[in-house]
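Some notes on the structure that comes next.
Read the figures in this text as sums done on the coordinates, not as results from a lab. Predicted model only: the values in this text are computed from it and were never measured. All Cβ positions, glycine included, derive from the backbone under ideal geometry; neighbour counts span all protein chains shown.
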Amino acid sequence: MFDIHTIEEISLLRESCELECKKAGGRDGRGTVPESFWETYSAMANTDGGVILLGVSEKDGEFELINLPDTGRLRKDIFSTAGNLSKVSVNLLSNQSVSDIQIDGKAILRVDVPRAKRSQRPVFLNGNPLGGNAYRRLHENDQKLTDDEVKRFLAEQVEDSRDSWILPAGFGLDDLCQESIRAYRQAHQNLNPAHPWGSLDDAAFLAQIGAWRQDRMTGKQGLTQAGLLMFGTHPVIQQAFPYYMLDYQERPEAKTELRWIDRVTLDGSWSGNLYDFYRKVYPKLMADLKTPFHLEGGERKQETPVHVALREALVNALVHADYSDRASVLVVKRPDMFGFRNPGTMRIPVEVALKGGEADCRNRLLHQMFRYVGLGEQSGSGIPKIMEGWRLSHWRPPELYEKLEPYDQTIMELRMLDLFPPGTVSLLRKKYGPRYEQLGYEGQVAVALALTEGTLTHGRLAQLTGRHPADLSRVLHQLVHDAQLLISAGNGRGAVYHLADLDLPQPDDVFGKEISSPHLAASSPHLAASSPHLAASSPHLAASSPHLAASSPHLDSSRDVQGRLVSSHLPHPIVDDVKFLAPNFCAQMEQLANIPRTKRKIDREIMKRTIHALCENQYVTLDCIAVFVRRNAKSMQSQFLTPMVRDERSLEWAFPATPNDPRQAYITAKEMPVDMEMEESE
């Protein structure tokens, strides 16, 4: 547990875990447990856990302590309510979970909420899991679970293996693809020539591997969900699993655009089952794979650790998928990376899965079927095997993470990129000498990342080291305050670090210090929306506002033909004010944003793709983005832009040293994360 002794350490805590601060002062100022406490409790328990601080208020990243004179009474109230089943479905708190903290003579209360076990989720309120009484944590907010989401939680709660259920009587062996079964049996025979199952007929063989099962309690027998998924045909599978979708795409460039040069999807030309999908996709993943030599016993092995890692990643996506959920199974191959997505979130925390040893496979029969033909590792060892394959190739560690929007999904990205460019470590040793050598491994990685990527975040360091978030908070604190190698900007999880002697661009360098109204158009978005070419039709407008030009004389003299500001401090032009844009270029930008401009409610991924398009090869300020998409600037920043920079790394800041500056601008990242989004089948 990360101990708090000062108000500054609250910011460090925010970097290492989900944090919620509540004033909890009550009407009389003596403190009370607010109703919203239990909504946050439910949300954190149903997501990844977190910390709730009572007696602390937060505004714009600044914390203020509210003294709680009777923390003992609040502690008693918390445990009393947590043990009341009519209020909270499960008590996850122990005596160690709730602690008093004294900071600057003021008392606050800390509550550590653990992630609930699968058998305990969803954690809900008021005695009913449905009807908006269960929550989960999303973008630092407590979001109500829909009834469909609650039902999936409940199904996960009672079913150790989702695929062992026997299908209704209408499904049978006739619904299976005979060619798939023949191919599977041949693979099994090749691997185990003397196996006794080789002499069985198909029905008996399918019973042995779990595709057909009899329930000993009820006597019911029939085709299992695993059997249908593994060997069925697409039309029949979709009768049992309406959202079932498989998709493989090979994309020619390291971009998020959905253009593909090879694809395998459910188009009716093949069976559409999981085994045939694996047989079609695995050779495509291996084709033209550039891997280093791998020697074993002095001999070169044809199958390298990279082959093993990719095979395991593919099988892992298929056997851990929640086929009742709406997202698809999607596999993407790009020149720089491989991406694997499966519907459903992890059954165990990501950090536990990365360490290995603890298994909770959603579809154990499917996993077993793949293992019978030599595909897939022992339960609990698959992800460490993937990590090891990439480590032996000296590539950046794979990234495993969950997304809750638009649907629950788990994504693994395997990038074929060196951890650091050649010569990075030797350069740092020469530059800093003993100051660098004396750092621990995590500290050296942090400094190297700050050098090679320009900036560093807590989350990025966690991805590349796999260390506990609290440990990394201490490392970063030491690099800033003790070693003085890094400088920090921002607060909490949004903090950005860069080398102390690195000269990053500042907004004042680009815009000047005396601008009176740099965001005039954005301050009146209806003006831009109703007359998007106002500047073009009235070229004298800038002249009618002499203070604007006078306050920043370089603006008009430093614009390209499109009307974008060009600065020697930035590698790309910047769209800083729609009034200065050329009419044709402004129209092009509006066309890129056509969907959000004409529709109030759109899919989140459509908005993100629009932002990527607007910011391709150019910086665009927050206010200009808001004008083009016709949305509020603050909500765009909190809901889209900041998460796209900080969490997804699909955008980059123009001014990373001052992330919260109102003049901040954004550009689409050169090295984009894989776009694990569906493209409609043609």
Proximal aspartates and glutamates relative to Lys220, as straight alpha-carbon distance under 17 Å, when same-chain residues fewer than 8 apart are discounted: Asp163
Pairwise FRET efficiency - Arg279 versus Ala470, Cβ, R0 = 41 Å, nearest 0.05: 0.35
Exposed-loop-free span, longest in the chain, where chymotrypsin sites (Phe, Trp or Tyr not before Pro) count as exposed if DSSP calls them loop and at most 14 other C-beta atoms lie within 10 Å: 294-682
Shape of the chain, Cα gyration tensor, a/c cut at 1.5: prolate
Gain on full stretching of the segment that runs from Lys76 to Ser99 - 0.36 nm per residue minus C-alpha separation: 7.1 nm
Relative contact order, percent, the range 424-499 [alpha-carbon distance under 8 Å, six or more residues apart]: 31 percent
Relative contact order of the range 246-415, defined on C-alpha pairs under 8 angstrom at six or more residues apart (%): 24 percent
Proxy reagent accessibility, fewest Cβ within 10 Å first, across Ile487, Ile611: Ile487, Ile611
At R0 = 51 Å, FRET efficiency that the Cβ-Cβ distance of Lys87 and Ile602 yields, to 0.05: 0.85
Over the chain: helical MRE at 222 nm, DSSP H runs n ≥ 4 each giving -39500 (n - 2.57), nearest 500: -10000 deg cm²/dmol
Cα-based shape type of the range 163-240, given that a ≥ b ≥ c are square roots of the gyration tensor eigenvalues and the cut on a/c is 1.5: oblate
Förster radius 22 Å - calculated FRET efficiency between Glu179 and Gln221 (Cβ-Cβ, nearest 0.05): 0.35
Stretch gain in nm, segment Val561-Lys151, where the contour uses 0.36 nm per residue and the Cα spacing is subtracted: 142.0 nm
The range 8-157 - percent relative contact order, Cα under 8 Å, separation 6 or more: 26 percent
